[in-house]
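Chemist: Below is one structure. I have some questions about it.
The values are calculated or read from the model by the stated rules, or taken from the named source; none is laboratory data. Note that the coordinates shown come from a computational prediction; the quantities given were computed from them, not determined experimentally. Cβ: placed from backbone, ideal geometry, glycine included. Neighbour counts: every protein chain shown. Note: areas computed on protein heavy atoms with side chains; ligands, DNA, RNA excluded. Shrake-Rupley method; radii C 1.70, N 1.55, O 1.52, S 1.80 Å.
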Amino acid sequence: MASDRQGAVEAADASRPLPPGQRHVHGWPVSHYGPVPRFRPERWNLRVHGATADGAERTWTFDELAPLSHVTVVADLHCASGPTSTDHEWYGIPATAVLDLVPPAPEVTHVMAWAEYGYSTNLRLADFTASQTLLATHHNGEPLTAEHGFPLRLVVPHLYGYKSPKWLRAIEYLTEDRRGFWEERGYHNIADPWKEQRYSYQEQDDDGAHPPGR
Ligand SMILES: Nc1nc2c(c(=O)[nH]1)N[C@H]1C(S)=C(S)[C@@H](COP(=O)(O)O)O[C@H]1N2
Ligand SMILES: [Mo]
C-alpha cells in the first residue's frame, strides 16, 4: 500500500512539470496562518451571499451538502513561498454547482472566499468556475484532516495555495474586485504559478484591485 502510493507520486513527478521557481516536497506539509479551528456541526454552515441574482443568501448545514454532485480532481499544491506537494486527490463539490444553485447577479465579476477566523481570498469569477475548482471534503479517499481544512476546503489547483482556503465558510459574490487576506499583505492578486505571480509588486495594470498607494 505504502509502496503503491510512492510509485504513484513518482509517476506524477515525472509527468507533471513544476511551475517555475517551485521545489518538490515529499509528503504534505501543513502551512497556514493562525490556529486550527474545531468543527462544531451544530454551529457550522456554508453561506453564499453578496450579489446573488435574487438578492437572497443561501446557507447549507454540513449534512445538506452530501446530496450535491461530487467530483474527483487530482492536482499539485503550490505554496507561493516555494514548496509544491504533489498528487493530491481531492473529492468534493464542483464550484460550478454553487453557481447553479445560487445564480449570481449579471454584474458579478469576482468572488471572495471566506474561511474561519476571517481568512479570505479573492478570485476572478473565471477562476472560481474553472472545471478543476472544487469545495473539497475528502483527500486521497479520506475526510480532510483538521489541519488541512476539515470539514470543507476550497481548492483552486491552478493558482498558488493561498487561493485555496481551508475551513471554508462562505462565498461572497462581488461586483468589483476586492483584495483578500494575503492579497492585502503583499501577495499577487491573481496568483498564477505558471506566470510566477507571487507578489503584488509584480502586478500589471490589468491584474486589478491595486493595493493602496498604487
Ligand atoms: N484558512 C486558511 N486557509 C489557508 C491558509 C491560511 O492561512 N488560512 N494558507 C494558505 C496557504 S498560503 C497555503 S500554501 C495552503 C497550504 O495548504 P496545506 O497546509 O494543506 O499544505 O493553505 C492555504 N489555505
Ligand atoms: Mo502558501
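Chemist: With a 1.4 Å probe and all protein chains kept in place, how much accessible area does TYR119 have, in Å² rounded to the nearest 10?
Modeler: 40
Chemist: While we're on this one: Considering every Cα-Cα pair within the chain, what fraction, in whole percent, is farther apart than 29 Å? Walk me through the intermediate numbers first.
Modeler: Working: 5332 of 22791 pairs.
Tail of P(r) above 29 Å: 23 percent of Cα pairs.
Chemist: Sum up the charges of everything whose Cβ sits under 11 Å from the Cβ of LEU168, counting Lys and Arg as +1 and Asp and Glu as -1, but leave LEU168 out.
Modeler: Values: positive: ARG47, ARG153, LYS166, ARG169; negative: GLU116.
With Lys, Arg at +1 and Asp, Glu at -1, the neighbours total +3.
Chemist: Can you check what the net charge comes to around ARG198, using other residues whose Cβ is under 13 Å from the Cβ of ARG198 (Lys, Arg +1; Asp, Glu -1)?
Modeler: Numbers: positive: LYS163, ARG185, LYS195; negative: GLU183, ASP192, GLU196, GLU203, ASP207.
That works out to -2.
Chemist: Same structure, new question: Just the accessible area per residue of segment 47-98, please: how many Å² with a 1.4 Å probe? It would help to have the intermediate numbers written out before the result.
Modeler: On the way: 2210 Å² over 52 residues.
For segment 47-98, the solvent-accessible area averages 42 Å² per residue.
Chemist: Cα centroid distance between segment 70-116 and segment 135-202, in Å?
Modeler: Each part's Cα centre sits 7 Å from the other's.
Chemist: Which cross-chain or sequence-distant (5 or more) residues have an amide H under 5 Å from the amide H of TYR187, H modelled 1.01 Å from N in plane?
Modeler: For TYR187, the qualifying residues are SER200.
Chemist: Additional query: What is the packing order of peptides 154-165, 51-62, 135-146, taking the mean over residues of other C-beta atoms within 10 Å and listing the highest first? Present the calculation step by step, with values, prior to reporting the outcome.
Modeler: On the way: 154-165: 24.0, 51-62: 13.2, 135-146: 16.6.
My ranking of the peptides, most packed first, is 154-165, 135-146, 51-62.
Chemist: At 0.36 nm per residue, and after removing the present C-alpha to C-alpha distance, how many nm does the segment from ASN140 to PHE62 gain when stretched out fully? Before the final figure, lay out the partial values.
Modeler: Numbers: separation 78, 0.36 × 78 = 28.08 nm, distance 1.99 nm.
Value of the extension gain: 26.1 nm.
Chemist: When the solvent-accessible surface of protein heavy atoms is calculated with a 1.4 angstrom probe, in what order do ARG47, ARG124, ARG153 fall, highest first? Write down the numbers at each step before the final one.
Modeler: On the way: ARG47 80, ARG124 100, ARG153 10 Å².
Heavy-atom accessible area, descending, gives ARG124, ARG47, ARG153.
Chemist: Over all directions, what mean area does the Cα convex hull of segment 38-159 project, stated in square nanometres? Let's see the in-between values first.
Modeler: Numbers: hull surface 31.4 nm².
If I average the Cα hull's projected area over directions, I get 7.8 nm².
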